[in-house]
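A.B. asks: The following block contains the structure, expressed as structure tokens.
The values are calculated or read from the model by the stated rules, or taken from the named source; none is laboratory data. Please read all numbers here as calculations on a predicted model, not as lab measurements. When we count neighbours, we look across all protein chains shown, and the Cβ atoms used for this are built from the backbone with ideal geometry, even at glycine.
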Amino acid sequence: MIDQCLAEIVQPDLRLRVWKAMWQLAYADDSFAHAELALLQRATQAWGIEADANGNGRIAGANVT
């Protein structure tokens, strides 16, 4: 079901904005719950996002700012 929800977002710039928002929400309390981390990892892989430890990312092969 999670993969189906992630697949509905097809535009690279929207994927990146949603991913960044997910990262910020998950880390709002200065820690990650296991489920939050699992969802972020799933989205990172599904959307081809190259991420760093600060919640910054880019979609591999896309020119998105």
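A.B. asks: Considering the range 42-65 alone, what residues qualify as being within 9 Å of the chain's Cα centre (by Cα), at pLDDT 70 or above and over 15 Å from Val10 (Cβ atoms)?
C.D. replies: Arg42, Thr44, Gln45, Ala51, Gly57
A.B. asks: Next up: Taking the condition surrounded by 14 or more Cβ atoms within 10 Å (Cβ to Cβ), modelled with pLDDT of 95 or more and touching a helix residue (DSSP H, G or I) at 6+ places or on another chain (Cβ under 8 Å), does Leu6 pass?
C.D. replies: yes
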